[in-house]
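Asks: Before anything else, here's the structure in question.
The values are calculated or read from the model by the stated rules, or taken from the named source; none is laboratory data. The shown structure was predicted, so the numbers you read here are calculated from the model rather than taken from an experiment. Please note: Cβ atoms are built from the backbone with ideal geometry, for glycine as well, and neighbour counts cover all protein chains shown.
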Amino acid sequence: MPDAVNGLNEECGLFGVWNNPAAADITYLGLHTLQHRGQEGAGIVGLTGAGMLRHRGLGLLAEVFTKPDQLASLQGRAALGHVRYSTAGGRVLENIQPLLFRFTTTGDVALAHNGNLTNARSLRAQLEREGAIFQSTSDTEVLMHLIRRSDKTNFVDQLKEALNQVHGGFAFMLLTEHGLYAASDPNGFRPLVVGTLPDGGTVVCSETAALNAVGATFVQDVAPGGLVVVDRNGLRIDHYTTKTELAVCSMEYVYFARPDSEIHGVNVHQARVRMGKRLAAEQPVDADIVCGVPNSSLSAAMGYAQASGIPYEMGLVKSQYVARTFIQPTQELRERSVRMKLSAIRPVVAGKRVVLVDDSLVRGTTALQIVKLLRDAGAAAVHLRISSPPLRFPCFYGIDIQSTHELMAANHSVADMRQILHVDSLGFLSVDGLERSVGLTTAAPHHGLCVAYFTGEYPTPLDDYAATLQDELSQLNIKVAEVSA
């Protein structure tokens, strides 16, 4: 299998509160709801009477905050929290966010980030040549150095100038003594939403599910190029650029986001059900039962069963105490995690022709082991159906795939993958099927989705990654339209 990923790409969760005395407690609850977005590190910065204080550490949120006083010490009228998923090589305490910067002249600033900056290497090299000293290896820190080098006279203008210098996919949040600030990249790759609390205060976070968890009322999604400012004057929706075009990450709908979240007005669960229905129409098969891979594939499996008329069954059971496998940092951990978390229900699948619905096929590790589980439990046939297109190209906007070497569909035909995975048939959803299933209302290309991982058509220049990608692609013969075997 492929080597561990190199780089500092992230898929993370952000949660910030302004003007509520229980800000740190609310942030903790919000981060708990976003734990699926990052499981390797967590941190909260609280704006307290003693200034900005921080507690952070490696591990799950509950493993970082193990004592009551750790959260109690952060209580104040504002807080910023982060759960992090890093790549191999980036799992060090210095990279756990929020990053906290202390300035004697302008006051402290906390910074958190979800995504990946495509020009971070170039910017960092330039900044280091100019004398900048970095405290972490995360691309997030680049933004703060750009802010500090701005000639603008106020923080908002400095932030705007800095945001116009970074490229890629990002949702940034910053907390100062004077306000909470949030910004989305010009394509809105990473989700970011705003809500209000019933007892006062404003919340900005990665998913609407986290708003619901803390009782906040949804106000709006942060638009591409948008800048949210929350301070003593209230909530202000601004922007730092008008050169925008919606291209929200399609994998948010396919896999990453919680099913109870809404992204730009589209419920994730319902979008996945539609993906499953479309998949049944595009990739039909004669079978006895439909089974979904828990948990992110269950919605699509329901849709497949509804559209095909094949009964839906719970053929696989997941332990709720094991982390998600796609976002495990190394191949060894991914394989071990699959074995620990899933088991087949033998009386359900024995002797049955099974349609196994999964949301995506990345490295193939998980699918291979799940198929074996079903075979060992006596399944007469396994027909694998994937409710997204073949993932053949890397992502440089915030998903942990920066090389074609680790993508099964980039290196094998669908027919080859069917044999490798030991399935009786293999079928993927088409790109058009995915776009129509999500159903965003927009005139933007690809119905407002980024589908570069499936098509190789990236909506932005790739900056520091462009040359390496072109070199990789020149050695591959990828048939983008191939979806079944």
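Asks: For residue 197, indicate whether it is within 30 Å of residue 357 (Cβ to Cβ) and hydrophobic (A, V, I, L, M, F, W, C).
Replies: Values: within 30 Å of residue 357 (Cβ to Cβ): no; hydrophobic (A, V, I, L, M, F, W, C): yes.
Against the criterion (within 30 Å of residue 357 (Cβ to Cβ) and hydrophobic (A, V, I, L, M, F, W, C)), residue 197 does not qualify.
The rows are residues; the columns are (1) under 23 Å from residue 25 (Cα atoms); (2) surrounded by 15 or more Cβ atoms within 10 Å (Cβ to Cβ); (3) among the charged types (D, E, K, R).
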site	(1), (2), (3)
48	yes, yes, no
76	yes, yes, no
94	no, no, yes
104	no, no, no
111	yes, yes, no
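Asks: Another question, if that's okay. Read through the list (1) buried (at least 16 other Cβ atoms within 10 Å of the Cβ); (2) aliphatic (A, V, I, L, M); (3) not in a helix (DSSP H, G or I), then give the number of the only condition that residue 133 fails.
Replies: Only one criterion in (1) buried (at least 16 other Cβ atoms within 10 Å of the Cβ); (2) aliphatic (A, V, I, L, M); (3) not in a helix (DSSP H, G or I) is unmet by residue 133, namely (1).
Asks: Picking from 369, 419, which residue would you name as being surrounded by fewer than 20 Cβ atoms within 10 Å (Cβ to Cβ), without any contact (Cβ under 8 Å) to a residue 60 or more places away in the chain and in contact with a helix residue (DSSP H, G or I) (Cβ under 8 Å, 6 or more places away or on another chain)?
Replies: Working: 419 fails: in contact with a helix residue (DSSP H, G or I) (Cβ under 8 Å, 6 or more places away or on another chain).
From the options 369, 419, the qualifying one is 369.
Asks: So how many residues does the range 150-195 have that are touching a residue at least 60 places away in the same chain (Cβ under 8 Å), touching a Cys at 6+ places or on another chain (Cβ under 8 Å) and of a type in the set (A, V, I, L, M, F, W, C)?
Replies: 2
Asks: Taking the condition buried (at least 22 other Cβ atoms within 10 Å of the Cβ) and over 24 Å from residue 245 (Cα atoms), does residue 384 pass? Break it down into steps so the answer makes sense when it comes.
Replies: Details: buried (at least 22 other Cβ atoms within 10 Å of the Cβ): yes; over 24 Å from residue 245 (Cα atoms): yes.
Spelling it out, residue 384 is indeed buried (at least 22 other Cβ atoms within 10 Å of the Cβ) and over 24 Å from residue 245 (Cα atoms).
Asks: State which residue is modelled with the highest pLDDT when the search covers only the range 334-377 and only residues that are farther than 15 Å from residue 291 by Cα and either in contact with a His (Cβ under 7 Å, 6 or more places away or on another chain) or acidic (Asp, Glu) (or both).
Replies: Per the stated criteria, the residue is 376.
Asks: Please indicate, with yes or no, whether at least one residue in the range 105-112 is under 23 Å from residue 244 (Cβ atoms) and touching a helix residue (DSSP H, G or I) at 6+ places or on another chain (Cβ under 8 Å). Step through it out loud before you land on a result.
Replies: Filtering the range 105-112 for residues under 23 Å from residue 244 (Cβ atoms) gives 111-112.
With touching a helix residue (DSSP H, G or I) at 6+ places or on another chain (Cβ under 8 Å) added as a condition, the list becomes 111.
Yes, because at least one residue in the range 105-112 is under 23 Å from residue 244 (Cβ atoms) and touching a helix residue (DSSP H, G or I) at 6+ places or on another chain (Cβ under 8 Å).
Asks: Filter the range 25-41 for residues that are among the small types (Gly, Ala, Ser) and either over 13 Å from residue 56 (Cα atoms) or without any contact (Cβ under 8 Å) to a residue 40 or more places away in the chain (or both) and give the result.
Replies: 30, 38 - these are the residues of the range 25-41 that are among the small types (Gly, Ala, Ser) and either over 13 Å from residue 56 (Cα atoms) or without any contact (Cβ under 8 Å) to a residue 40 or more places away in the chain (or both).
Asks: Going by the structure shown, is residue 224 outside the structural domain of residue 377 (by TED's automatic domain parsing) and touching a residue at least 24 places away in the same chain (Cβ under 8 Å)? Don't jump to the end; show me each part of the working.
Replies: Numbers: outside the structural domain of residue 377 (by TED's automatic domain parsing): yes; touching a residue at least 24 places away in the same chain (Cβ under 8 Å): yes.
In short, yes.
Asks: It is to be established whether one or more residues within the range 295-302 are over 30 Å from residue 40 (Cα atoms), outside the structural domain of residue 216 (by TED's automatic domain parsing), modelled with pLDDT of 95 or more and not small (Gly, Ala, Ser).
Replies: Going through the range 295-302, the residues over 30 Å from residue 40 (Cα atoms) turn out to be 302.
Add one more test, that the residue is outside the structural domain of residue 216 (by TED's automatic domain parsing), and what stays is 302.
With the extra rule that they be modelled with pLDDT of 95 or more, the set shrinks to 302.
Keeping just the survivors that are not small (Gly, Ala, Ser) gives 302.
Scanning the range 295-302, I find at least one residue that is over 30 Å from residue 40 (Cα atoms), outside the structural domain of residue 216 (by TED's automatic domain parsing), modelled with pLDDT of 95 or more and not small (Gly, Ala, Ser), so the answer is yes.
Asks: Determine if the range 146-153 includes at least one residue that is buried (at least 24 other Cβ atoms within 10 Å of the Cβ) and either closer than 20 Å to residue 46 by Cβ or hydrophobic (A, V, I, L, M, F, W, C) (or both). Spell out the reasoning first.
Replies: Taking the range 146-153 and keeping what is buried (at least 24 other Cβ atoms within 10 Å of the Cβ), we get none.
No, because not a single residue in the range 146-153 is buried (at least 24 other Cβ atoms within 10 Å of the Cβ) and either closer than 20 Å to residue 46 by Cβ or hydrophobic (A, V, I, L, M, F, W, C) (or both).
Asks: Sticking with this structure for a sec: When the residues of the range 392-424 are filtered to those that are of a type in the set (Gly, Ala, Ser) and assigned to a loop (DSSP other than H, G, I, E, B), which remaining residue is nearest to residue 192 (Cα to Cα)? It would help to see each step written out before you state the result.
Replies: Step one: of the range 392-424, the residues of a type in the set (Gly, Ala, Ser) are 398, 403, 409-410, 413, 415.
Next cut, assigned to a loop (DSSP other than H, G, I, E, B) only: 398, 403, 413.
Details: 398: 14, 403: 27, 413: 36 Å.
By that ranking, first place goes to 398.
Asks: How about the range 123-154: which of its residues are more than 24 Å from the chain's Cα centre (by Cα) and either among the polar types (S, T, N, Q) or assigned by TED's automatic domain parsing to the domain that holds residue 398 (or both)?
Replies: 126, 135, 150, 153, 154
Asks: Within the range 282-300, which residues are more than 23 Å from the chain's Cα centre (by Cα) and in contact (Cβ under 8 Å) with a residue 60 or more places away in the chain?
Replies: First, the residues of the range 282-300 that are more than 23 Å from the chain's Cα centre (by Cα): 282-291.
Result: 282, 283, 285, 286, 287, 288, 289, 290, 291.
Asks: Moving on to the next point. Might you let me know whether the range 438-460 holds any residue that is touching a Cys at 6+ places or on another chain (Cβ under 9 Å), in a helix (DSSP H, G or I) and crowded, with 17+ Cβ neighbours inside 10 Å?
Replies: Scanning the range 438-460 turns up at least one residue that is touching a Cys at 6+ places or on another chain (Cβ under 9 Å), in a helix (DSSP H, G or I) and crowded, with 17+ Cβ neighbours inside 10 Å.
Asks: Just checking, does the range 231-248 include any residue being of a type in the set (S, T, N, Q), outside any strand (DSSP E or B) and over 18 Å from residue 157 (Cβ atoms)? Steps first, please.
Replies: Of the residues in the range 231-248, the ones of a type in the set (S, T, N, Q) are 233, 241-242, 244.
From the residues that got through so far, the ones that are outside any strand (DSSP E or B) too are 233, 241-242, 244.
With the extra rule that they be over 18 Å from residue 157 (Cβ atoms), the set shrinks to 244.
Yes, that holds for at least one residue.
Asks: Please state which of the following conditions residue 177 fails to meet, knowing it meets all the rest: (1) within 15 Å of residue 117 (Cβ to Cβ); (2) surrounded by fewer than 22 Cβ atoms within 10 Å (Cβ to Cβ).
Replies: Every listed condition holds for residue 177 apart from (1).
Asks: Okay, next question. Going by the conditions given, is residue 162 over 20 Å from the mean Cα position of the chain (by Cα), under 19 Å from residue 44 (Cα atoms), outside any loop (DSSP other than H, G, I, E, B) and modelled with pLDDT of 95 or more? So that I can check it myself, show each step before the final result.
Replies: Values: over 20 Å from the mean Cα position of the chain (by Cα): yes; under 19 Å from residue 44 (Cα atoms): no; outside any loop (DSSP other than H, G, I, E, B): yes; modelled with pLDDT of 95 or more: yes.
When the stated conditions are applied, residue 162 does not pass them.
Asks: Enumerate the helices (runs of 4 or more DSSP H) found wholly within the range 13-76, keeping only those where 2 or more residues are under 18 Å from residue 216 (Cβ atoms). Steps first, please.
Replies: Working: elements: 23-33, 61-64, 68-72.
In the range 13-76, 23-33 are the helices (runs of 4 or more DSSP H) which contain 2 or more residues that are under 18 Å from residue 216 (Cβ atoms).
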